[in-house]
Amino acid sequence: MSTEDGSETDTGTESADADDDGDRPLSEIGVGDGRDKHIHLVTESGKEIDHDDVFIRHTETEYLVCEDHEFPASETTRYRKENIGRVKITQHHSNCFITTATAGEGPTLDSLRGFRADVMRPSPTGRTLLRVYDATSPPIAATLDRHPEAVPTRLVRGLVDRCGSLADRRRAATGRGQRATLSLVLIGLYVVGVCLGALAHGWLRARERWVS
């Protein structure tokens, strides 16, 4: 079924045989590397679309996007390439640099990834903050990762863990007012966390130079 953004969602009415990738040509099922990603698309009409934590396949004419790596027909969204003006695909794990460096892979990282996808990416302000974060945080994360037990790193880790808990509370909240309030608090803490990480990075780098 076609939509106004140029995508098509399979209805799942195909026969079971048609869902067997082994019997379908690559031109139909597409190719992918089997790793979850984030995809940002801009349609020819200017509409921006984000999918986070999804699997992607390419055909000659389409992008296939699905949360299930097996791409069941009823859960797969297909974007005609002719309707897409720009597309950016990134590995999911490449985004939350400071969180990964301080808290590692796990529930906290998953919670904050969800907040990025649900709240920050859909808004222009959120996307601007994420672009700044993605541009500045890799060296910060690298320094924190070298000093996991240093006091500055532990302070950043504590804030990251707190943000993960708040993201879980926001997701579980049923009232719009509560969700909005928690979203604003989290965005504020997001900025504070980057600033705290930058200060920790500067202090630890100065200590490294002094020791060497």
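The values are calculated or read from the model by the stated rules, or taken from the named source; none is laboratory data. All values reported here derive from a predicted model rather than from experimental measurement. Positions of Cβ are backbone-derived with ideal geometry, glycine not excepted, and every protein chain shown enters the neighbour counts.
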Log entry, pairs with first residue in the range 104-121 being in contact (Cβ under 8 Å) with a residue 60 or more places away in the chain and outside any helix (DSSP H, G or I), second being among the basic types (Lys, Arg) and surrounded by 22 or more Cβ atoms within 10 Å (Cβ to Cβ), beta carbons closer than 6 Å, six or more apart or on different chains, reads none
request  = Determine whether THR181 is modelled with pLDDT of 90 or more, in a helix (DSSP H, G or I) and out of contact with any helix residue (DSSP H, G or I) (no Cβ under 7 Å at 6 or more places or on another chain).
outcome  = yes
inquiry  = Looking at the structure I just gave you, is GLY104 closer than 23 Å to LEU155 by Cα and either in the same structural domain as ASP52 (by TED's automatic domain parsing) or out of contact with any Lys or Arg (no Cβ under 6 Å at 6 or more places or on another chain) (or both)?
reply    = yes
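Which count do you get for residues in the range 20-59 that are in a loop (DSSP other than H, G, I, E, B), modelled with pLDDT under 80 and farther than 27 Å from CYS96 by Cα? Show your work before the answer.
As a first pass, look at the range 20-59 and keep what is in a loop (DSSP other than H, G, I, E, B): 20, 24-25, 30, 32-36, 44-47, 59.
Keeping just the survivors that are modelled with pLDDT under 80 gives 20, 24-25, 30, 32-36.
So of that shortlist, the ones also farther than 27 Å from CYS96 by Cα come out as 20, 24-25, 30.
So the answer is 4.
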| request: May I ask you to verify whether VAL211 is more than 23 Å from the chain's Cα centre (by Cα) and either among the charged types (D, E, K, R) or over 14 Å from ALA103 (Cα atoms) (or both)? | output: yes
Given the criteria closer than 14 Å to SER111 by Cα, of a type in the set (D, E, K, R) and either in contact (Cβ under 8 Å) with a residue 12 or more places away in the chain or surrounded by 16 or more Cβ atoms within 10 Å (Cβ to Cβ) (or both), does ARG170 qualify? yes
Conditions (1) more than 18 Å from PRO139 (Cβ to Cβ); (2) surrounded by 14 or more Cβ atoms within 10 Å (Cβ to Cβ) -> LEU204 fails only (1)
Residues in the range 49-64 that are without any contact (Cβ under 8 Å) to a residue 40 or more places away in the chain and closer than 22 Å to VAL119 by Cβ total 2
